[in-house]
Amino acid sequence: MTANLFNLPTSQREKFVRHFLSSVDCEIAFAGGTMATLVASIEPIKTYMESIGFTECKEILESSVSFETSPDGKAPRKIEQVSKATGHFFRNPDSELACSILADKITLGTRNYTGFEDFSSALDNIVTCLTTHLENRDVVKVGLKKVNSIVMEKVTRYDAACSIFNPAIFALLRSGLPTSSVKIAQEVLVLETESSASLLRNTLRALDDKNSYEASLDFDVVSRKTSTSKVALETTLKELNQVHFDLFKWAVTKEMIALMNKEGN
């Protein structure tokens, strides 16, 4: 299980009054699948996607360059750029959800996250569409990425900007080694097992505004268990979301959680 990547207690999920999520993205990869199958079914898929609010649609193009050499093989006689469709991109302007449907995977992302239930419901609608119009294939990968971006103003020192996070985060900054001239600090942790993986990237950078810093907690968690689409959505995705919640609760202090649950500005 993905949870085995981390030595973390499981916390009771709660919905905060405010959050700092700047982006949430999910990828679901399927076994097999060809572009020809997607092209053959794209019109009913477009109709369905439009019916659930994804009114903007365009092809995803992949470009490549081909060379035709001269008879002596020494110099290119013809250079040609070729573009081919690899999928379709859909956007819901009302919910600000964006979806890419490719031959072997789909992605769903948003910069206006309203909660896991809304997000997973939208994803379920899209997967239902695909399993209706395409062959029903096993899911071989589910990935969920969440990025929290927190801007701290009127902070005179970078070590004060770190105070709302777990002491294990930005440990080098807290060690006393750097001077006050720190512009950016980043730490990366990659974990991997046969059936799961995770990339954690924490960044703190000084902003152009005097005495302002931005901290980014970029967590990406992946399950590689093969399952049906139903299990992927109803079980695996929920497990990944729980891991994200546990990671976030570990990463920030109780004072930060209290701030997120404070009413008003």
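Computed quantities for the displayed model
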{"item": "CD proxy at 222 nm, helix term only [per DSSP H run n ≥ 4: -39500 (n - 2.57); per residue of the chain; nearest 500]", "result": "-7500 deg cm²/dmol"}
{"item": "Principal axis dimensions, the chain - Cα atoms, whole angstrom, descending", "result": "64, 52, 39"}
{"item": "Dipole axis of the chain (+1 Lys, Arg; -1 Asp, Glu on Cβ), positive-most option in 222, 131, 232", "result": "222"}
{"item": "Residue with peak Gaussian network fluctuation, the chain [Cα springs, cutoff 10 Å], from 81, 12, 186", "result": "81"}
{"item": "Charge dipole (debye, nearest 20) of segment 181-265; +1 at Cβ of Lys and Arg, -1 at Cβ of Asp and Glu", "result": "80 debye"}
{"item": "Label point at residue 177 placed 7 Å out along Cα→Cβ; residues across segment 146-168 whose backbone nitrogen lies under 18 Å", "result": "158-160, 162, 167-168"}
{"item": "Magnitude of the charge dipole, the chain, Cβ model with Lys/Arg +1 and Asp/Glu -1, debye to 20", "result": "600 debye"}
{"item": "Kyte-Doolittle mean at least -0.5 and Cα axial length at least 30 Å: DSSP H helices in the chain", "result": "none"}
{"item": "Cα-Cα over 21 Å, subset of 15/225; 141/238; 154/183; 58/105", "result": "15/225"}
{"item": "Full-extension gain in nm, residue 211 to residue 34, via 0.36 nm per residue minus C-alpha separation", "result": "58.5 nm"}
{"item": "Residue with peak Gaussian network fluctuation, the chain [Cα springs, cutoff 10 Å], from 56, 80, 135", "result": "80"}
{"item": "Of every Cα-Cα pair in segment 99-240, the percent that sits beyond 24 Å", "result": "47 percent"}
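Where a number appears in this text, it was derived from the coordinates with a stated rule and is not lab data. All of these numbers come straight from a predicted model, not from anything done at the bench. All Cβ positions, glycine included, derive from the backbone under ideal geometry; neighbour counts span all protein chains shown.
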